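Only one structure is covered here, and it is reproduced in the block below.
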Amino acid sequence: VDFCSEVSAAVRLSDGALLLVDVVEGVRTQTIAVLRQAWDERVVPCLVLNKIDRLICELQMDTSEAYQHLLRIIEQVNAVSAQLQTEQVMKEDLEGGEGADADADDAGRHAL
């Protein structure tokens, strides 16, 4: 089910967003799209890991495996966030650099 239009409208009216990720399914295309919409609207997302019990009950993971699995999901979300930030910094640098010389003071402006 595609909720893009509903998400887009809700994000514009919100101060924050809950980014719900099913831990069995992980980060999906829709998750990335929602995170991008939140980023574009400058809404701060809060990551919620859902259905953690399924890792142990259905997938028969022990606690260590479940922990490692959760870490990988958090790393995936962080990677998407880092990509969005990098895209924004590059876009701002390209827009700001057109027709003007980049000086040394401006070089560290977007240090991560």
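Rounded to two decimals, what is Rg over Rh for region 33-92 when you use alpha-carbon atoms and the Kirkwood radius? Could the numbers behind the result be given before it?
Numbers: Rg = 15.0 Å, Rh = 13.3 Å.
Over the Cα atoms of region 33-92, Rg/Rh equals 1.12.
Using a 1.4 angstrom probe on the protein heavy atoms only, could you order Arg42, Arg28, Arg54 from most to least accessible area?
Numbers: Arg42 180, Arg28 130, Arg54 60 Å².
Descending order: Arg42, Arg28, Arg54.
Would you mind listing how long region 1-62 runs along its three principal axes, going by Cα atoms, in whole Å with the largest first?
40, 22, 13
Heavy-atom accessible area per residue, region 31-79, 1.4 Å probe: how many Å²?
On the way: 3340 Å² over 49 residues.
Here the residues of region 31-79 average 68 Å² of exposed surface.
Which sequence of Met61, Met90 reflects their accessible areas, 1.4 Å probe, from the largest down?
Met90, Met61
Grab the beta carbon distance between Asp53 and Glu75, set R0 = 30 Å, and tell me the FRET efficiency rounded to 0.05. Don't skip to the answer; put the middle values down first.
Values: r = 21 Å, r/R0 = 0.71.
The calculated FRET efficiency here is 0.90.
What figure, in Å² to the nearest 10, do you get for the accessible area of Glu95 with a 1.4 Å probe and non-protein molecules left out?
110
5 Å is the cut-off here: which amide hydrogens, built 1.01 Å from N in the peptide plane, fall below it relative to Leu20, excluding neighbours closer than 5 in sequence?
Val48
The values are calculated or read from the model by the stated rules, or taken from the named source; none is laboratory data. Worth saying up front: this structure is predicted, and the values here are computed from it rather than measured. So basically every Cβ, Gly included, is an ideal-geometry build from the backbone, and we count neighbours across all protein chains shown. These area figures cover heavy atoms from the full protein model, side chains too; ligands, DNA and RNA do not enter into them. Shrake-Rupley method; radii C 1.70, N 1.55, O 1.52, S 1.80 Å.
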